[in-house]
Structures are given as structure tokens and as C-alpha cells.
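Okay, so here's the structure we're looking at.
None of the figures in this text is laboratory data; all of them are computed from the coordinates on show. What you see is a predicted model; the values in this text were computed from it and never measured. Glycine gets a Cβ as well: all are built from the backbone with ideal geometry, and neighbour counts include every protein chain shown.
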Amino acid sequence: MQKETLTIRQILPENREAVIELVNQFFRMVNRFQLDGVFRIRPRAAAKMVDIYLKLRGTDKIVFIGGFVEEELVSILIARVEEKPYLEEEQNLFIDLAITKQGKRKSGYMKPLVEETFRWAKEKGILAIELRAISENEGAVEFWKKMGFDPFYVRFRKLVQ
């Protein structure tokens with residue numbers, strides 16, 4: 001079977017509904033995790049997040065790209081520049097979301113988006129890319145390790161009783 005060709009494109013306003021559906025798929029998966037009983041993503045969060053990033057397009061402060069097979073959106077990567085004036089590196093790129101459509105995961109549709117994100121960061125003089133992965137999301141943790149990311153911070157969480 002011939003592998004489908006992936007094209008990486010900037011996310012545009014006309015992609016809004018497809019992006020929201022993809023983000024909603026991910027948010028529903030996260031909400032199914034048995035985390036601490038408090039961490040839950042709100043309804044309509046996907047639309048709000050996508051709209052914020054659509055407004056930031058063209059500012060050189062974000063990466064908002066999609067992987068398309070013909071006209072089908074199969075993966076997205078959303079990242080933002082974080083200013084770190086107290087560090088020598090001064091800024092990094094933080095990946096907020098990297099999602100592959102259900103039924104398309106483990107098909108190689110995310111790696112090219114990550115590679116494009118590294119190309120963009122290098123072009124901008126950014127020295128490091130960071131992200132958070134929910135530890136219970138074992139597939140994501142495994143993917144990021146395979147992509148060469150190392151656990152760097154330990155982020156703790158405790159509920160206020």
C-alpha cells in the first residue's frame with residue numbers, strides 16, 4: 001500500500017472547524033484520564049484556543065501548522081514563543097498542542113510537523129523547544145522521547161484541601 005503524501009501548511013481561518021474538531025478529539029481523550037479529579041478541560045475550550053491562535057497568525061510569536069493529506073487535516077502543531085529574560089537563552093518555543101487525528105496516529109504524520117517547528121525555531125534563533133505531556137498519556141510521552149526530547153522539569157501538582 002502506498003503511503004499518503006503529507007503536506008505541511010499554515011493553519012488559516014478556513015481551517016478553523018477542522019482544527020477545532022481535532023483539538024476537541026484530544027481534549028475529550030484528556031478528560032477521560034483519571035487524573036486528580038479536578039483537572040478537566042472546559043467545554044468550548046478548543047474553539048477559544050483556536051481563535052486565539054488564529055488572531056496571532058503572522059506575528060512571529062507562534063507556529064500554527066497542519067499536516068494535510070490532500071485536503072484532510074490529519075495533524076496539527078501549535079507552539080508559542082515564551083520570553084525568558086532571566087535566562088541566557090532569553091526565549092524558547094513552547095509546544096502547546098501536537099495532535100494527530102484518531103485513526104491516523106502512528107502513521108508518521110506528526111514527525112514532519114515537529115521537524116518543521118525545529119526549522120522555524122532555528123531560523124528565529126531560538127535555542128530550545130519545550131512542552132508538557134500528561135504522564136498518563138503514555139503514547140505522547142513515548143513519542144516525545146523518540147523525537148529526542150528529554151524530561152527536564154518535574155512539574156508537581158497537589159490539590160488544596
Give me the percent relative contact order of segment 41-114, please, defined on Cα pairs under 8 angstrom at least 6 residues apart.
24 percent
Alpha-carbon Rg with Dmax, taken over the chain, Å:
16.1, 55
I'd like the FRET efficiency for Lys146 and Asp96, computed as 1/(1 + (r/R0)^6) with the beta carbon distance as r and R0 of 30 Å, rounded to 0.05.
0.90
Nearest 20 debye, what's the magnitude of the dipole of segment 6-146 about its Cα centre given +1 on Lys and Arg Cβ and -1 on Asp and Glu Cβ?
380 debye
Place the peptides 129-136, 32-39, 61-68 in order of packing, highest mean first, counting for every residue the other Cβ atoms within 10 Å and averaging per peptide.
61-68, 129-136, 32-39
Per-residue ellipticity at 222 nm for the chain, helices alone: DSSP H runs ≥ 4 residues times -39500 (n - 2.57), over residue total, nearest 500 deg cm²/dmol?
-10000 deg cm²/dmol
Choice from Arg44, Arg16, Arg105 with maximal GNM fluctuation in the chain (Cα, 10 Å cutoff)
Arg44
Express in nm, to one decimal, how much length is gained between Glu72 and Arg16 on full extension, taking 0.36 nm for each residue of separation and deducting their alpha carbon distance.
18.9 nm
Picking from Gly58, Gly108, Gly148, which is most flexible by a Gaussian network model of the chain using Cα springs under 10 Å?
Gly148
Which FRET efficiency, nearest 0.05, do Lys122 and Asn31 yield, Cβ-Cβ r, R0 45 Å?
0.80
Amide N proximity, segment 81-102 versus Arg155 label position 7 Å along Cα-to-Cβ, cut-off under 11 Å
95-97
Which whole-number percentage describes the relative contact order of segment 6-146, with Cα contacts under 8 Å and a sequence gap of 6 or more?
22 percent
Step through the table entries Lys84/Lys124; Lys101/Lys122; Lys48/Lys158; Lys84/Lys111; Lys48/Lys145, compare each Cα-Cα distance with 20 Å, and write down the pairs that go over it.
Lys101/Lys122; Lys48/Lys158; Lys84/Lys111; Lys48/Lys145
